[in-house]
Amino acid sequence: MSERLEAELVRRLEVAHVSGGTVAAVEHASPYQWANACHDLFEAGRIDVLDSAVRYLQPKYSDLTYLASLAALLDVMPRDPSKLLAFCDDPTVEVQVVKRPDCDAVLICFCACRGTLGLPLNFVHRWLGRLPVSIIYLKDLRELWGACGFPTLGPDRAAALAQLRPAGAEVGRRRGGASPTTRKRQTLTFDRADLTAGG
């Protein structure tokens, strides 16, 4: 029942965000369940919905530390979209590459527990996606933190390291400019053939 209720709370927060209206009340929903709904949005990378939800809920439930913490994080989040590379995390994918045109620097991010960088990737990307670099996000979906490599890159750690060098060089090649539409398409996942294409 609790999970169904929280799913309904998330849905109502989404509807209010899209419509720009007030969040519809839900009978018997506790402040903690609203906070859990915000946490679900945070983990899912729904930062746009989360932002408006927290602005509405935090003054209403000012005694909840978690909502206050989310509000503090959102207050310092960069807002200018002009230099932000398009990216939406796929939690089921081990290697995700975000290319910045006309850039030969590459940032490799080794994700930790549950495929995050301490905070959800979509949130952290609001900062990293503005840097003058292309980005490779690496996750070990087995929760071994890369100690035994990454299966997408090879059978063991040594094979993964051997694949990362040409992959980084390939991603870091300078390329011509790209329109916002093209740039969005450049947010992709490499399979092993892509990662071994050096030169």
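Per-structure values
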read-out	value
Some residue of region 37-59 being over 21 Å from residue 7 (Cβ atoms) and out of contact with any Leu (no Cβ under 6 Å at 6 or more places or on another chain)	yes
Members of region 26-64 that are among the aromatic types (Phe, Trp, Tyr) and part of a helix (DSSP H, G or I)	32, 34, 42, 56
Considering residues of region 104-125 that are touching a residue at least 60 places away in the same chain (Cβ under 8 Å) and buried (at least 17 other Cβ atoms within 10 Å of the Cβ) only, the residue farthest from residue 43 (Cα to Cα)	106
When residues of region 90-147 are limited to those that are acidic (Asp, Glu) and in contact with a strand residue (DSSP E or B) (Cβ under 8 Å, 6 or more places away or on another chain), the one modelled with the lowest pLDDT	94
Residues being assigned to a loop (DSSP other than H, G, I, E, B) and farther than 27 Å from residue 70 by Cα - total across region 99-122	7
Qualifying residue in region 35-44 (condition: buried (at least 19 other Cβ atoms within 10 Å of the Cβ), out of contact with any strand residue (DSSP E or B) (no Cβ under 8 Å at 6 or more places or on another chain) and in contact (Cβ under 8 Å) with a residue 60 or more places away in the chain)	yes
Subset of region 65-84 (residues that are of a type in the set (A, V, I, L, M), over 15 Å from residue 120 (Cα atoms) and in a helix (DSSP H, G or I))	67, 68, 71, 72
Members of region 17-38 that are in contact with a helix residue (DSSP H, G or I) (Cβ under 7 Å, 6 or more places away or on another chain) and within 26 Å of residue 125 (Cβ to Cβ)	17, 34, 35, 36, 37, 38
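The values are calculated or read from the model by the stated rules, or taken from the named source; none is laboratory data. Computed from a predicted model, the values in this text were never measured in an experiment. A quick note on method: Cβ atoms are made from the backbone with ideal geometry, for glycine too, and the neighbour counts reach across all protein chains shown.
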